Amino acid sequence: MSRLREFVSSSIGRKIIMGITGLLMIGFLIAHMSANLLVVTDKEAYNHYSEVLIRNPLIYLAEAALLAFFAAHVVAGILVYRRNRAARPVPYALKSRAFYTSRKSLASATMIFSGLVMLVFVPLHILTFKFGPYYDWAGHEGARDLHKLVIEIFRKPDYVIAYLVALPILGAHAWHGFGSAFESLGVSYRPWLGGFGRALAVVITAGFVVVPIYVYFFLGGAS
């Protein structure tokens, strides 16, 4: 137990926790985004997919694990940020980009900001869809029409605007976080790995934003 405590309290241990939980959540985002695209392509398939998840007895265990990963990632990130700030209590007098000699970017410089945005966005997202209004799926007794809820939510311009602001911030977090996670786990930096992470972040962001845009502009929200 003492070794575990030492590991968790160390800077390296916290970065490893951030790296592992970050990669697990990116994997979840890919699966979640892929399922969300069914909203656009196939209502029946989307509701069927949702119903299979809801009726799976392991769903509560999976949700608890995701919550634990999210909490561990947030706590470790804040602790690492505070330790880094404490190590340099006086900020640089001048910040400038080093261009080709540096891998610093807007995404890397704003990781704490994008992380805090996600800390607000994710619970609100869960409250909106998991605990939102319940609609019966016509022709399927006892099943929820989650597709109808998604359509009703994204016909509202305030929700669409909120998601179109929050989702690119999520993408920016993944943009830097993917490569950084591997470095935290001891993998030396590889340009192709950073490039793959950035491309993956773009795909995830695009996959998520297409749903509110499609619903609002093509299913009656903008009329």
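The values are calculated or read from the model by the stated rules, or taken from the named source; none is laboratory data. Quick caveat, the model's predicted, so the values are computed rather than measured. Cβ coordinates were reconstructed from backbone atoms using ideal geometry, including for glycine residues, and neighbour counts include every protein chain displayed. The accessibility values were calculated without ligands, DNA or RNA, using every heavy atom of the protein model including side chains. Shrake-Rupley method; radii C 1.70, N 1.55, O 1.52, S 1.80 Å.
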*For ARG144, list long-range residues whose amide hydrogen, built 1.01 Å from N in the peptide plane, is under 5 Å from its own amide hydrogen.*
TRP137
*asked:* Percent of Cα-Cα pairs more than 24 Å apart in the chain, please.
replied: 51 percent
*asked:* Over the chain, with the other protein chains present, what is the accessible area per residue in square angstrom, probe 1.4 angstrom?
replied: 62 Å²
*Over the C-alpha atoms of segment 25-76, what are the Rg and the largest Cα-to-Cα span, Dmax, in Å?*
13.1, 40
*Ranked by accessible surface with a 1.4 Å probe, highest first, in what order do TYR216, TYR189, TYR60 come?*
TYR60, TYR189, TYR216
_Given Cα positions, please report Rg to Rh for segment 46-91, the hydrodynamic radius being the Kirkwood one._
1.38
*asked:* Can you give me the % of accessible surface on the chain that is carbon or sulfur? Probe 1.4 Å, all protein chains present, nothing else counted.
replied: 69 percent
_Cα-based helix-to-principal-axis angle, 59-87 vs the chain, degrees rounded to 10_ = 30 degrees
*Solvent-free Debye scattering, log10 I(q)/I(0), computed from the Cα coordinates of segment 154-223 at q = 0.23 Å⁻¹*: -0.88
_Just to compare against my own numbers: the Cα pair-distance distribution for segment 8-55, 10 Å bins, whole % per bin, please._
24, 32, 21, 16, 7
*Among residues other than SER10 whose Cβ falls under 12 Å from its Cβ, what is the net charge (Lys/Arg +1, Asp/Glu -1)?*
+4
*For TYR60 and TYR81, compute 0.36 nm times the residue count separating them, minus their Cα-Cα distance, and round to one decimal in nm.*
4.4 nm
